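Quick notes on the structure that follows.
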Amino acid sequence: MDVVELIKRHEGYSQSVYRCTAGRQTIGFGRNLDDVGISREEAEWLLERDIERAIGSLRTEPYWLDLSDVRQAVLIDMVFNLGWGGFAKFARLRMALGRRDWDAASNEMRDSAWFKQVGNRSQRLCVMMRSGLWPA
């Protein structure tokens, strides 16, 4: 045994945030989010894993490989934001992507509760979907 195993044994693991006995928000193997939080490097690492997970879900879509990098980035951003379950509900968007109908895809994005909820993000993504260009 080493110190890592000892702490793991004492703390246990939690995938979700919980309140420890001292009332602090905690996650993982006792990470005190209230007092310690996460570093920028840790946040970057988590973001990279979340992007990988989003790409893994999107790779199952028949149109995925035919999309430009910009349009793939739009969908990655949407899956990151909505989760796969939320994105999967965009059936007409997904059909438009299969037809390579960028105007219809952008319109389907605009015609959603998500569009109204996320403000500038959704507007920017719609423009990117329609144009196939990175924002200025």
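Since every read-out is calculated from the coordinates, none of them should be taken as a lab result. As the structure is a prediction and not an experimental result, all values here were calculated from the model. Counting neighbours? That spans all protein chains shown, and the Cβs are built from the backbone with ideal geometry, glycine included.
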- prompt: So for the chain, taking the charge dipole from beta-carbon charges (+1 Lys/Arg, -1 Asp/Glu), which of Val36, Leu133, Met1 sits furthest toward the positive end?
  reply: Leu133
field: Under 5 Å, built H, 5+ apart or other chain: amide partners of Ser14
entry: Gly28, Phe29, Gly30
Computed [θ] at 222 nm, deg cm²/dmol, the chain (DSSP H ≥ 4; -39,500 (n - 2.57); rounded to nearest 500): -19000 deg cm²/dmol
statement: Final fewest-first order of Met1, Met109, Met129, Met95 on the 10 Å Cβ neighbour count is Met1, Met95, Met109, Met129
Cβ-based exposure ranking for Trp114, Trp84, in which fewest neighbours within 10 Å come first: Trp84, Trp114
message: If you take every residue apart from Cys20 with its C-beta less than 13 Å away from the C-beta of Cys20, what net charge results, scoring Lys and Arg +1 and Asp and Glu -1?
response: 0
statement: Between (1) 14, 48, 33, 5, 0; (2) 12, 41, 33, 12, 2, 0; (3) 11, 32, 25, 17, 12, 3, the structure-derived P(r) over Cα pairs in 10 Å bins from 0, in percent is (3)
field: Under Karplus coefficients 6.51, -1.76 and 1.60, residue-wise ³J(HN,Hα) of region 81-90 in Hz, glycine/proline x
entry: 6, 9, x, 4, x, x, 5, 4, 6, 7
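Which of Ile7, Ile51 comes first, and how do the rest follow, when ranked by fewest Cβ neighbours within 10 Å?
Fewest-to-most ranking of Ile7, Ile51: Ile7, Ile51.
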- request: Subtract the Cα-Cα distance of Gln25 and Ser39 from 0.36 nm times their separation in residues, and report this length gain in nm to one decimal.
  value: 3.4 nm
